[in-house]
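The values are calculated or read from the model by the stated rules, or taken from the named source; none is laboratory data. The shown structure was predicted, so the numbers you read here are calculated from the model rather than taken from an experiment. Methodologically, a virtual Cβ is constructed for each residue, glycine included, from the backbone with ideal geometry; neighbour enumeration extends over all protein chains shown.
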Amino acid sequence: MTLNDRVVSTTCPFCGVGCTLQLHMQDDFIYRVTSPHDSVVNHGNLCVKGRFGYDFVYNQKRVTTPLIRRTPQKPGQRSQAFDLSEWREATWDEALDYIADRQMEIYRRDGAHAMAVFCCAKATNEDNYLIEKLFRSLFRTNHVDHCTRLCHAASVVALQMAVGSSAMSNTAAEVALNDVFIVTGSNTSENHPIIALQMKAAIQKNGAKLIVVDPRRVEMVNYATLWLPEKPGSDVSVFSAMAHVILKEKLYNQAFIDERTENFAAFAASMEKFTPEYAESVSGVDRNLIVEAARLYGNAKNAAIYWSLGIPEHTHGTANALALINLALLTGNIGRPGTGLNPLRGQNNVQGASDMGAMPWHYPGYQRVDNEDNARKFEQAWNIEPGGLNRQLGLTTTEIVSSIGPGGVQALYIMGENPMMSEPDLNHTRHKFEQLEFLVAQDIFINESGAFADVFLPATSWAEKDGTFTNTDRRVQRVRQAIQPRGQARPDWKILCDLAKRLEARLGRPNSAYWDYQHPSDIMREIGSVVPEYRGITYPRIEREGIQVPSWDEDHPGTPYLFAGTFPRGRGKFHPLDDAHMAEMPDEDYPLILTTGRVLEHWHGGTLTRHSWLDDLFPEALMEINPADAARLNVAEGSPVRVTSRRGSIVLRARVTQKTTPGVVFIPFHFHEAAANLLTQDVIDPQAKIPEYKASAVRVAPASESELVNPEARQVRGRY
Ligand SMILES: Nc1nc2c(c(=O)[nH]1)N[C@H]1C(S)=C(S)[C@@H](COP(=O)(O)OP(=O)(O)OC[C@H]3O[C@@H](n4cnc5c(=O)[nH]c(N)nc54)[C@H](O)[C@@H]3O)O[C@H]1N2
Ligand SMILES: Nc1nc2c(c(=O)[nH]1)N[C@H]1C(S)=C(S)[C@@H](COP(=O)(O)OP(=O)(O)OC[C@H]3O[C@@H](n4cnc5c(=O)[nH]c(N)nc54)[C@H](O)[C@@H]3O)O[C@H]1N2
Ligand code: SF4
Ligand SMILES: [Mo]
């Protein structure tokens with residue numbers, strides 16, 4: 001050990017599990033990552049991304065100075081620039097002044113409606129609080145959203161409707177207290193690997209019984225007592241049939257229903273039609289399996305439901321999530337340790353960004369923007385004249401993209417997202433991006449979306465800044481600076497303060513004091529003053545271990561599980577349900593159902609993991625196809641296939657595997673050379689506005705090696 005050796009304790013930047021990382025440093029170099037055995041979330045365990053995926057911070061392709069496009073971009077003719085020669089370096093002053101001038105020009109001409117922002121679930125709470133404050137208070141727009149819309153939006157809407165909350169009700173580690181648990185629409189071992197470890201321990205050490213409901217034979221099926229292999233999009237029928245059986249066999253919890261819920265009769269009547277036979281005809285799941293699953297869950301003492309994107313990412317995602325909530329209310333499996341409704345949140349800080357108001361309908365703390373009292377409260381906090389904040393609900397991410405053009409959104413600011421990989425129907429998204437009048441990207445790399453920008457602002461990564469992330473079980477944890485910012489890169493919160501001051505000056509508002517923070521801990525103090533759930537969060541209190549919000553004051557220890565005595569909306573509300581179908585059913589021309597998602601080694605659009613050693617572990621896009629379909633279509637293991645939907649076409653290699661069920665193919669959306677979102681559609685759930693990523697009709701045909709896109713050619717980055 002030399003003098004410069006040190007260990008920096010921080011939180012993993014990848015998934016919502018929120019594992020504690022110890023970065024072993026020599027000078028400015030991270031040479032090893034470990035985790036302490038007593039870490040509260042992960043007990044010393046890490047997955048491959050937390051352990052090895054940090055090297056993106058040193059990647060040569062990081063942008064380290066502000067950049068301005070050499071050729072001015074015009075609406076209708078905007079194009080992507082990946083090559084640095086198409087940009088010129090600028091000073092921070094020049095880049096920020098240029099942005100402030102262009103934004104003010106558009107704002108003065110077209111008003112608040114023309115301004116929109118995508119916030120960042122990878123950035124800190126403090127960063128996200130400031131960016132939504134900037135857009136709401138200075139541009140008076142509520143067109144503020146982030147990737148939560150593409151993620152658990154329908155889970156959040158359903159939980160709001162039924163119980164009045166929008167987070168995981170219990171702590172993931174409470175799986176140790178379950179005697180039965182359901183995992184549905186979650187490939188837990190690849191996407192929340194450390195929670196999967198806890199689930200496996202609950203099964204192997206405590207004898208807990210697992211029910212998996214998923215169209216794919218995900219790894220957790222190996223640990224399950226029951227696997228219900230349903231057709232994608234048929235969850236309402238499967239879970240309502242379970243409720244049907246629980247009702248018929250009187251396995252419900254009458255005391256809980258009487259004391260804590262409402263609307264039971266209407267719900268029970270709507271379950272009549274969902275017989276196991278009927279559900280079998282819709283979902284393809286054997287009726288006996290449905291009955292067995294209902295009995296197992298209905299007879300359990302402590303049962304919990306864990307779900308992820310297979311549930312919300314449908315045009316009927318809200319109904320899917322309501323079907324799960326109905327089951328928990330029916331059996332009283334909520335409001336106690338080891339029970340609950342647990343949507344496994346995805347990004348490291350998607351819970352926090354949502355809590356911070358990075359959403360179009362809410363100020364920080366889920367306080368509706370169309371409520372007069374809330375608007376007044378934030379006008380006071382942010383020194384805005386009475387009536388000055390916008391009372392109209394803003395547009396969501398997918399709506400922002402659709403509205404781009406004359407009369408709609410003209411100026412977009414993207415802080416750390418990649419809609420040109422993550423939004424559905426990328427040919428349409430590309431067309432919309434081309435129409436933008438002004439685009440700013442604030443990121444650590446030029447990704448497929450930032451390549452369209454007029455100005456690129458280099459942000460620091462998580463290893464170069466201080467702040468907090470809120471993990472999937474609502475634990476607010478510290479992020480600590482370990483290395484110096486690369487080049488001139490600056491932390492997001494600093495960039496935003498510098499931009500806000502310039503805008504204030506141009507607006508003639510003597511308000512700079514509202515953008516003077518010495519450190520992110522100052523921002524957290526302000527957050528606590530406007531978000532009651534965060535009042536108890538201060539940096540000294542979370543120095544050693546995070547606190548689970550709500551933490552109502554500085555003496556409050558935090559909240560491991562919610563709804564002990566009551567629900568935020570009072571009684572839990574049952575919702576009657578009817579048939580729900582996916583928007584695009586397979587037919588003769590497009591006979592297979594495509595479901596999209598993730599693999600263990602990669603992250604979303606790949607901006608981080610494809611700039612990391614992790615890319616060597618999984619270098620190429622693969623489509624999973626069942627052996628029965630592969631034989632019929634003449635597709636061999638490893639051979640190239642062309643996959644076509646009504647919206648686009650991609651070529652990638654096939655992986656012939658029992659992991660997918662017949663009739664279903666799976667493609668991860670991490671690879672720009674074979675971007676899955678060229679195939680998906682932008683139809684959305686009417687309540688939650690989430691797109692149906694989990695079901696599109698496609699056809700698959702053998703292709704030749706020469707049709708495969710060479711990753712270096714980056715063909716998908718052009719028009720497809
Ligand atoms: N390695 C890695 N981990 C990640 C991420 C990543 O990019 N890479 N992203 C993070 C993020 S933001 C999120 S939101 C989470 C997502 O976590 P997951 O939701 O686990 O991720 P997906 O790969 O999209 O898997 C969706 C699951 O739903 C199933 N499914 C598909 N259609 C249906 C259906 O109609 N009904 C049901 N019941 N199931 C269905 C799929 O077979 C799969 O098991 O992962 C987080 N963790
Ligand atoms: N087909 C299909 N599409 C999907 C999904 C699916 O299952 N199927 N899932 C959806 C879901 S759940 C999600 S969450 C979205 C994710 O979609 P996005 O959020 O658009 O995707 P990411 O690739 O995670 O983009 C994160 C960006 O933030 C940058 N970044 C990282 N750290 C920082 C930081 O500290 N500051 C700044 N400024 N930038 C930073 C990264 O470089 C990267 O460019 O994709 C959605 N799209
Ligand atoms: S499980 Fe999630 S938080 Fe933990 S190390 Fe892996 S990616 Fe990081
Ligand atoms: Mo997500």
Legend entry - Condition check for TYR58: within 16 Å of ligand 2 (Cβ to nearest atom), surrounded by fewer than 19 Cβ atoms within 10 Å (Cβ to Cβ) and within 17 Å of ALA482 (Cα to Cα): yes
Legend entry - Near pairs, Cβ below 8 angstrom, 6+ apart or cross-chain, from segment 8-22 (under 12 Å from ALA463 (Cα atoms)) to any residue that is of a type in the set (Lys, Arg) and surrounded by 24 or more Cβ atoms within 10 Å (Cβ to Cβ): PRO13/LYS122
Inset, instruction - For segment 400-409, indicate whether the set of residues that are among the β-branched types (Val, Ile, Thr), in contact with a strand residue (DSSP E or B) (Cβ under 7 Å, 6 or more places away or on another chain) and in a helix (DSSP H, G or I) is non-empty. - result: yes
Legend entry - Test: SER529 is in a helix (DSSP H, G or I), in contact (Cβ under 8 Å) with a residue 60 or more places away in the chain and hydroxyl-bearing (Ser, Thr, Tyr): yes
Inset, instruction - May I ask you to verify whether VAL33 is touching a residue at least 12 places away in the same chain (Cβ under 8 Å) and in a loop (DSSP other than H, G, I, E, B)? - result: no
Legend entry - Test result for ARG345, near ligand 1 (Cβ under 10 Å from one of its atoms), within 25 Å of ALA208 (Cα to Cα) and either of a type in the set (Lys, Arg) or not assigned by TED's automatic domain parsing to the domain that holds PRO232 (or both): yes
Inset, instruction - Determine if segment 382-401 includes at least one residue that is more than 16 Å from ligand 1 (Cβ to nearest atom), charged (D, E, K, R), touching a Leu at 6+ places or on another chain (Cβ under 6 Å) and in the same structural domain as GLY487 (by TED's automatic domain parsing). - result: no
Inset, instruction - Could you please let me know if THR148 is within 16 Å of ligand 2 (Cβ to nearest atom) and over 15 Å from GLY572 (Cβ atoms)? - result: yes
Inset, instruction - Determine whether segment 256-266 contains at least one residue that is modelled with pLDDT of 95 or more, hydrophobic (A, V, I, L, M, F, W, C) and closer than 17 Å to GLY335 by Cα. - result: yes
Inset, instruction - Quick one: count up the residues across segment 265-309 that are in a loop (DSSP other than H, G, I, E, B) and either of a type in the set (A, V, I, L, M) or over 16 Å from SER240 (Cβ atoms) (or both). - result: 7
Inset, instruction - State whether one or more residues within segment 463-475 are in a helix (DSSP H, G or I) and surrounded by fewer than 23 Cβ atoms within 10 Å (Cβ to Cβ). - result: yes
Inset, instruction - Only residues in segment 130-159 that are in a helix (DSSP H, G or I) count as the first member; pair them with residues that are among the aromatic types (Phe, Trp, Tyr), Cβ under 7 angstrom, at least 6 apart or cross-chain, and list the lot. - result: LEU130/TRP493; LYS133/TRP382; SER137/TRP382
Legend entry - Residues located in segment 160-181, provided they are within 15 Å of ligand 1 (Cβ to nearest atom), in a loop (DSSP other than H, G, I, E, B) and of a type in the set (A, V, I, L, M, F, W, C): ALA167, MET168
Inset, instruction - Pick out, from segment 602-720, the strands (runs of 3 or more DSSP E) lying fully within it that include 3 or more residues that are out of contact with any helix residue (DSSP H, G or I) (no Cβ under 6 Å at 6 or more places or on another chain) and closer than 24 Å to LYS49 by Cα. - result: 622-625
